[in-house]
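Only one structure is covered here, and it is reproduced in the block below.
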Amino acid sequence: MKCLGLIGGIGWESTVLYYRLINEAVRGHYGSLYSARLILNSLEFQRLDTLVQDNRWNDAGAMLAEAARTLEQAGAEGIVVCSNLMHYVAEQVEAAVDVPLLHVGDAILKELRAARVNRVGLIGTKFTLEHDFLFERPAATAGAGRRRLPVEVVTPESAELPELDRIIYTELCQGEVREASRQTLLRLARDLRARGAQAIVLGSSELGLLLKPDDFTQPLFDSTELHALAAARWALEGK
């Protein structure tokens, strides 16, 4: 199998999920004592978050690009950024290495297409929801700007976004799972369904700690799970 390079620690709670899900997929494929070939570069989240909060995205991208180069030099054959938010600098990471970046948006889109879903309710950080970059890519022709993937996105009302950030950053990134916050997210999901969402996409890597498919009547797509499993399948394709 191919070796995956994980850029993690952003935050480490969700990196643990990636590590477990990828290894479970490999063991499920081969059985016995098999595990994934992984190299982890765990970043210092506080430093990265300071750059993000100060809107220093070029510096944040440089930090991830350097992490990707280190992984490639160590033998990684594909890069996995274990964070939805940091895919905002995906192009900067891709440009830094010669191996592929396995993009979370591609993993989500593949499953949405299989389920014939084209209008989703997206729950995530304020920045992710306001900038809606998960489903955009560079145009196929150089200099032609960006192209939009075929997904219509419905997001919570702007007044709800600070509370979403609070839940993600001050609770889930700290490993805290609270029932009151789960109920808040379920309410937001119901609102999105009422506005025409065919399914809910968890667009923050930590949200899977709080919400499970059994919590919903409509389909739930957990970006962390989909991304990790897509990475595992890619690795299992072999060289």
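Out of all the residues in segment 212-233, which are in contact (Cβ under 8 Å) with a residue 40 or more places away in the chain and out of contact with any strand residue (DSSP E or B) (no Cβ under 6 Å at 6 or more places or on another chain)?
Across segment 212-233, the qualifying residues are 224, 225, 226, 227, 228, 229, 230, 232, 233.
State whether the residues of segment 149-165 include one that is more than 16 Å from residue 83 (Cα to Cα), polar (S, T, N, Q) and within 18 Å of the chain's Cα centre (by Cα).
Within segment 149-165, one or more residues are more than 16 Å from residue 83 (Cα to Cα), polar (S, T, N, Q) and within 18 Å of the chain's Cα centre (by Cα).
Report yes if residue 99 is in a loop (DSSP other than H, G, I, E, B), assigned by TED's automatic domain parsing to the domain that holds residue 11, surrounded by 15 or more Cβ atoms within 10 Å (Cβ to Cβ) and at pLDDT 90 or above, otherwise no.
Considered against the rule, which asks whether it is in a loop (DSSP other than H, G, I, E, B), assigned by TED's automatic domain parsing to the domain that holds residue 11, surrounded by 15 or more Cβ atoms within 10 Å (Cβ to Cβ) and at pLDDT 90 or above, residue 99 comes out as yes.
How many of the residues making up segment 15-45 are more than 19 Å from residue 63 (Cα to Cα), of a type in the set (S, T, N, Q) and in contact with a helix residue (DSSP H, G or I) (Cβ under 7 Å, 6 or more places away or on another chain)?
1
Return only the number of the condition from (1) in contact (Cβ under 8 Å) with a residue 24 or more places away in the chain; (2) not in a helix (DSSP H, G or I) that residue 58 does not satisfy.
Condition (2) is where residue 58 drops out.
Among all residue pairs at least 6 apart or on different chains, which show Cβ distances below 7 Å where the first residue, located in segment 174-187, is closer than 20 Å to residue 201 by Cα and the second is at pLDDT below 95 and not in a helix (DSSP H, G or I)?
Here the result reads 177/210; 181/210; 182/210; 182/211; 185/210; 185/211, each pair linking segment 174-187 to a residue that is at pLDDT below 95 and not in a helix (DSSP H, G or I).
Consider segment 65-90. How many of its residues are surrounded by fewer than 24 Cβ atoms within 10 Å (Cβ to Cβ) and either assigned to a strand (DSSP E or B) or basic (Lys, Arg) (or both)?
2
Taking into account only those residues within segment 102-123 that are touching a strand residue (DSSP E or B) at 6+ places or on another chain (Cβ under 9 Å) and assigned to a helix (DSSP H, G or I), which is surrounded by the fewest Cβ atoms within 10 Å (Cβ to Cβ)?
Residue satisfying both the conditions and the ranking: 106.
Give me the residue from segment 168-221 that is of a type in the set (Gly, Ala, Ser) and part of a helix (DSSP H, G or I) and, out of that set, surrounded by the fewest Cβ atoms within 10 Å (Cβ to Cβ).
Keep residues of segment 168-221 that are of a type in the set (Gly, Ala, Ser), which gives 175, 180-181, 189, 194, 196-197, 199, 203-205, 208.
Within this subset, residues satisfying the condition of being part of a helix (DSSP H, G or I) are 180-181, 189, 194, 208.
On the way: 180: 8, 181: 20, 189: 23, 194: 10, 208: 20.
Residue satisfying both the conditions and the ranking: 180.
What are the residue pairs meeting all of these: first residue in segment 3-24, first residue without any contact (Cβ under 8 Å) to a residue 24 or more places away in the chain, second residue aromatic (Phe, Trp, Tyr), Cβ atoms under 8 Å, and 6 or more apart or on different chains?
From residues that are without any contact (Cβ under 8 Å) to a residue 24 or more places away in the chain, there are no pairs.
Quick test for you: out of 56, 37, pick the one residue that is modelled with pLDDT of 95 or more and over 19 Å from residue 101 (Cα atoms).
Every option except 56 fails the conditions.
The values are calculated or read from the model by the stated rules, or taken from the named source; none is laboratory data. Every value quoted in this text rests on a predicted model; they were computed, and no experiment measured them. Every residue, glycine as well, gets a Cβ built from its backbone with ideal geometry; the counts of neighbours run over all protein chains shown.
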